[in-house]
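Trainee: Take a look at this one; I'll ask things after.
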Amino acid sequence: MAVIRSGSERAQLDLFRSIPGDIAPRDAQDLMAWPFFSLAKSKRVTPIDFRMGDTWIVVEATPEHGMATIWDADVLIWAASQIVEARDAGRPTSRLMATTPHEILTFIGRGTGRDNYDRLKAALDRLQSTTVATSIRQPLQRRRHRFSWINEWKERLDSDGRPLGIEMIVPDWFFAGVMDQALVLTIDRAYFELTGGIERWLYRIVRKHGGRQLGGWSFDLAHLHLKSGVLSPLKRFSFELRGIVRRQPLPGYRLSLETEFGRQRLRFVPIPEDSFDVAMRRVGLAPVGKR
């Protein structure tokens, strides 16, 4: 369990209790577009040091917990979805959020057994111990904004040591982005079924840049490699992308590789949606033949 730091923010914030029921998953566009998370299932402690024009990001991890992963970011998708749902309904929101492990695990498509609960706690530890410094959304580019994905968290237990719930405080940088309607996108619930780190990252960047444009979008592979923040060389990264193109696992998009001026590009176009399929996904069911 995480230790609450002295001078806690908790006393200064109103408590936001999670909204039960089926809620559309929403993602923060900043997190979709830039390399904030490890895409590896093994522990990563090597920092992400990303520079592109005026945008820079430095992500650092502790040896004890390692860097927050793209699977850990599912907790932030849950948090963004809760905040947006409350905001759109005119309900008060807060960075101090109370919920149960069951609610988070169910929302992100995980099991609810003891092992999954322990993995959730490990994810919360990585989210808290990973630090980020970035120029994104800073009026002055030289200004440094440093934060952790979760400022603090704690679990509540009953007298027999059984878990009652979880409370966490998300950082102001994340909360401000989620509260800005222009900086949040709804994602396909099938995203949570993607098992590969690069697949998950690729869906988020495709959803962010491709949207529903009929003509789609394309990226130079070297540019994608830079934006992924992975430690593997471009050759290995390109090999994995070719495998993803063969499998076509991204919900809602068709991928293809093309060559322009001797350089490979990844093109993605939205697949026309069937209204019945959309309705089924909204209630958390996969259409027949697509399970």
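The values are calculated or read from the model by the stated rules, or taken from the named source; none is laboratory data. Nothing here was measured: the structure is a model prediction, and the numbers come from that model. Backbone-built Cβ (ideal geometry, glycine too); neighbour counts: all protein chains shown.
Trainee: Taking strands (runs of 3 or more DSSP E) that do not extend beyond region 147-224, which have at least 2 residues that are among the basic types (Lys, Arg) and under 26 Å from Arg95 (Cα atoms)?
Mentor: Strands (runs of 3 or more DSSP E) meeting the threshold: 152-157.
Trainee: OK, next. All but one of (1) part of a helix (DSSP H, G or I); (2) closer than 21 Å to Ile48 by Cα hold for Phe239; state the number of the condition that does not hold.
Mentor: Of everything listed in (1) part of a helix (DSSP H, G or I); (2) closer than 21 Å to Ile48 by Cα, Phe239 misses just condition (2).
Trainee: Anything in region 208-233 that is surrounded by fewer than 18 Cβ atoms within 10 Å (Cβ to Cβ) and under 18 Å from the mean Cα position of the chain (by Cα)? List them, or say none.
Mentor: His209, Gly211, Lys227
Trainee: Which one of Phe36, Phe16 is farther than 29 Å from Lys227 by Cβ and not in a helix (DSSP H, G or I)?
Mentor: After ruling out the rest, the residue left standing is Phe16.
Trainee: Considering (1) in contact with a helix residue (DSSP H, G or I) (Cβ under 7 Å, 6 or more places away or on another chain); (2) charged (D, E, K, R); (3) more than 24 Å from Phe50 (Cα to Cα), say which one Arg247 fails and leave the rest.
Mentor: If we test Arg247 against (1) in contact with a helix residue (DSSP H, G or I) (Cβ under 7 Å, 6 or more places away or on another chain); (2) charged (D, E, K, R); (3) more than 24 Å from Phe50 (Cα to Cα), just (1) comes out false.
Trainee: Going by the structure shown, is Ala79 loosely packed, with under 14 Cβ neighbours inside 10 Å and either in the same structural domain as Pro171 (by TED's automatic domain parsing) or not aliphatic (A, V, I, L, M) (or both)?
Mentor: no
Trainee: Can you say whether Pro270 is surrounded by fewer than 18 Cβ atoms within 10 Å (Cβ to Cβ) and not assigned by TED's automatic domain parsing to the domain that holds Ile48, as far as the supplied structure shows?
Mentor: no
Yes or no, residue by residue, for (1) surrounded by fewer than 18 Cβ atoms within 10 Å (Cβ to Cβ); (2) closer than 30 Å to Pro47 by Cβ; (3) not assigned by TED's automatic domain parsing to the domain that holds Ala86:
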site: Val206; (1), (2), (3): no, yes, yes
site: Arg236; (1), (2), (3): yes, yes, yes
site: Arg242; (1), (2), (3): yes, yes, yes
site: Arg247; (1), (2), (3): yes, no, yes
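Trainee: Here's another thing I want to ask about it. When the residues of region 86-103 are narrowed to those that are part of a loop (DSSP other than H, G, I, E, B) and either touching a helix residue (DSSP H, G or I) at 6+ places or on another chain (Cβ under 6 Å) or among the β-branched types (Val, Ile, Thr) (or both), which ends up farthest from Ile23 (Cα to Cα)?
Mentor: Arg95
Trainee: Could you tell me which of the residues Arg51, Arg17, Arg26 is among the charged types (D, E, K, R) and within 18 Å of the chain's Cα centre (by Cα)?
Mentor: Arg26
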